[in-house]
Amino acid sequence: MDKYTEIYGVDNSKDVFDYYGSKTGYGQFSNAEKGFTSFFKLLPKGVLVVMEATGYYHYCLAAYLYNHGVKVSVVNPLSVKRFIQMKLSKVKTDKSDSKLICEYGIQQEVPLYTAPKAVQSECLQLFSLLAIYLKKLTSTKNKKKGEEVLGVPSDYNCNYGWFFKI
């Protein structure tokens with residue numbers, strides 16, 4: 001920790017990210033550019049932000065901070081999970097996870113995140129498309145499930161006039 005003024009642990013999820021600073025404590029922002037900007041503004045110079053690789057939820061924040069000159073480390077979630085298990089922590093919340101990720105960053109030698117800007121731009125576009133397709137997929141699955149619940153109307157019940165009083 002001597003080479004950083006402060007270490008932040010970040011727990012990412014779809015809508016928000018929770019953070020815990022080794023000196024400043026806990027906070028939460030939206031997992032969108034507005035939240036990234038707010039988080040960046042509160043960071044003092046010379047910090048390290050440690051986060052788990054969580055599918056694509058971590059990627060935009062990591063790229064944003066990296067592009068703004070913040071030292072970032074994206075670590076293997078299994079390593080963090082084992083670290084938390086060694087602490088014998090039974091509480092599993094986003095707040096507690098961000099604190100334990102911070103402790104992980106303090107106690108472990110973590111690799112720094114690097115990525116060429118061109119790759120980041122292309123990946124962000126791909127992640128944006130992926131998010132759109134996942135929403136469409138979820139919408140289609142929900143629609144299909146709803147139609148299955150209604151069942152397939154038979155020829156006998158095609159006249160719904162008695163129900164709707166047409």
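Annotations
- For segment 1-29, backbone nitrogen atoms closer than 16 Å to the point 7 Å from Met86 Cα along Cα-to-C-beta are found at 1.
- The trypsin sites (Lys or Arg not before Pro) of segment 34-114 that DSSP puts in a loop, and whose beta carbon has at most 14 other beta carbons within 10 Å, are Lys45, Lys87, Lys90, Lys92.
- Note on segment 6-115: Rg/Rh from Cα positions, Kirkwood definition for Rh, rounded to two decimals, is 0.92.
- Cross-link pairs Lys23/Lys81; Lys34/Lys95; Lys95/Lys136; Lys71/Lys95; Lys14/Lys87 - those with Cα-Cα distance over 28 Å: Lys95/Lys136
- With θ taken as phi - 60° and the Karplus curve 6.51 cos²θ - 1.76 cosθ + 1.60 applied, the whole-hertz 3J(HN,Hα) list for segment 56-61 is 10, 5, 7, 4, 5, 5 Hz, x standing for glycine and proline.
Bear in mind that the values in this text are calculations on the coordinates, not laboratory data. This one's a predicted model, so the numbers in the text were calculated from it and none came from an experiment. Positions of Cβ are generated from backbone atoms using ideal geometry, with glycine treated the same way; all protein chains shown enter the neighbour counts.
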